[in-house]
Amino acid sequence: MGTKYSWILLLILFGFACSTKETSRSNFSVKLDSLYTSIFPAYIPGAAILVMKNDSILFSKGYGLADIVTKEPISSKTLFNLGSISKTFVANAILILQEQGKLSVEDSLYKYFPDFKNKEIAQRVKIKHLLSHTSGLPDNRQVSKDTVFYLTAKDAENWAPVTKTDTLVFEPGAQFEYSNPAFNGLALIVEQVSGMKWQKFIEENILNPSGMITSTITDG
């Protein structure tokens with residue numbers, strides 16, 4: 001008899017704990033929703049908010065507009081342009097190719113870009129320097145003169161001016177200087193080695209295996 005009542009008590013306590021947990025989660029969601037509703041009114045550009053704990057989604061909702069012309073609202077399915085976050089995917093692609101034995105981060109740029117104006121510079125700068133923003137190569141693109149062009153330019157068009165440089169800003173590996181065209185160069189290396197567009201290589205080797213089926217990369 002005592003055992004029977006003990007089980008009943010345990011079930012009651014378990015139910016209470018679950019109820020308390022769900023109430024706590026509900027309160028959390030209400031407070032978060034109230035916060036982001038005040039930050040992102042429905043008539044302005046907004047954001048998609050996701051809160052996870054381990055593999056569980058605690059909160060997921062969109063706020064504000066995805067398009068101020070069409071008035072399309074942001075949802076949890078809205079695709080965002082993540083800009084330079086793509087650099088991490090290009091870096092991952094390089095490391096995958098190294099793991100496959102198809103290149104080494106110790107390779108010099110001359111191996112992939114023998115048309116460098118200054119061959120000695122191309123031989124001194126290595127893939128690892130492009131990956132770590134320590135190449136010393138100058139960003140000699142005329143961005144200020146044609147901002148629109150360089151925002152939409154192909155990888156080869158962004159990388160070409162760098163290959164014409166005759167000087168380094170510093171010795172490769174000696175300092176850090178953030179470089180956008182360095183990753184255009186890395187993308188071109190991925191294409192040379194893999195034999196496919198770097199966007200396709202990333203889709204097949206990173207996005208799809210990771211279950212990122214709605215993620216896309218613009219052709220650039």
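ILE96 fails exactly one of the following numbered conditions: (1) modelled with pLDDT of 90 or more; (2) farther than 20 Å from THR216 by Cα. What is the number of that condition?
Of everything listed in (1) modelled with pLDDT of 90 or more; (2) farther than 20 Å from THR216 by Cα, ILE96 misses just condition (2).
Given the residues THR163, THR152, which is the only one that is in contact (Cβ under 8 Å) with a residue 24 or more places away in the chain, over 30 Å from LEU79 (Cβ atoms) and not aromatic (Phe, Trp, Tyr)?
THR163
Among the numbered criteria (1) in contact (Cβ under 8 Å) with a residue 24 or more places away in the chain; (2) out of contact with any helix residue (DSSP H, G or I) (no Cβ under 9 Å at 6 or more places or on another chain), which single criterion is violated by SER210?
(1)
In this structure, is ALA182 of a type in the set (A, V, I, L, M) and touching a His at 6+ places or on another chain (Cβ under 8 Å)?
yes
Mind listing just one residue for me: the one in the range 101-158 that is in a loop (DSSP other than H, G, I, E, B) and among the polar types (S, T, N, Q) and, of those, surrounded by the fewest Cβ atoms within 10 Å (Cβ to Cβ)?
Result: GLN142.
Looking at the range 181-188, can you tell me whether even one residue there is under 25 Å from ASP219 (Cβ atoms), assigned to a helix (DSSP H, G or I), at pLDDT 95 or above and open to solvent by 60 Å² or more (accessible area, probe 1.4 Å)?
no
Exactly one condition in (1) closer than 17 Å to THR216 by Cβ; (2) out of contact with any strand residue (DSSP E or B) (no Cβ under 9 Å at 6 or more places or on another chain); (3) hydrophobic (A, V, I, L, M, F, W, C) is not met by VAL69; state its number.
(1)
Of the residues LEU82, LEU109, LEU131, which is within 22 Å of ILE206 (Cα to Cα) and touching a residue at least 40 places away in the same chain (Cβ under 8 Å)?
LEU131
Between LYS31, LYS21, which is closer than 30 Å to PHE80 by Cβ, open to solvent by 70 Å² or more (accessible area, probe 1.4 Å), of a type in the set (Lys, Arg) and modelled with pLDDT of 50 or more?
Among LYS31, LYS21, only LYS31 is closer than 30 Å to PHE80 by Cβ, open to solvent by 70 Å² or more (accessible area, probe 1.4 Å), of a type in the set (Lys, Arg) and modelled with pLDDT of 50 or more.
What are the pairs with Cβ atoms under 8 angstrom where one residue, in the range 48-62, is farther than 13 Å from SER76 by Cα and without any contact (Cβ under 8 Å) to a residue 24 or more places away in the chain and the other, located anywhere, is open to solvent by 40 Å² or more (accessible area, probe 1.4 Å) and assigned to a strand (DSSP E or B)? Sequence gap at least six, or different chains.
Pairs that qualify, where the first residue is farther than 13 Å from SER76 by Cα and without any contact (Cβ under 8 Å) to a residue 24 or more places away in the chain and the partner is open to solvent by 40 Å² or more (accessible area, probe 1.4 Å) and assigned to a strand (DSSP E or B), are MET52/LEU58.
Being in contact (Cβ under 8 Å) with a residue 24 or more places away in the chain and either open to solvent by 30 Å² or more (accessible area, probe 1.4 Å) or touching a Lys or Arg at 6+ places or on another chain (Cβ under 6 Å) (or both) is the filter here, so list the residues in the range 85-95 that pass it.
Scanning the range 85-95 gives SER86, PHE89, ASN92.
The values are calculated or read from the model by the stated rules, or taken from the named source; none is laboratory data. Worth saying up front: this structure is predicted, and the values here are computed from it rather than measured. Cβ: placed from backbone, ideal geometry, glycine included. Neighbour counts: every protein chain shown. The accessibility values were calculated without ligands, DNA or RNA, using every heavy atom of the protein model including side chains. Shrake-Rupley method; radii C 1.70, N 1.55, O 1.52, S 1.80 Å.
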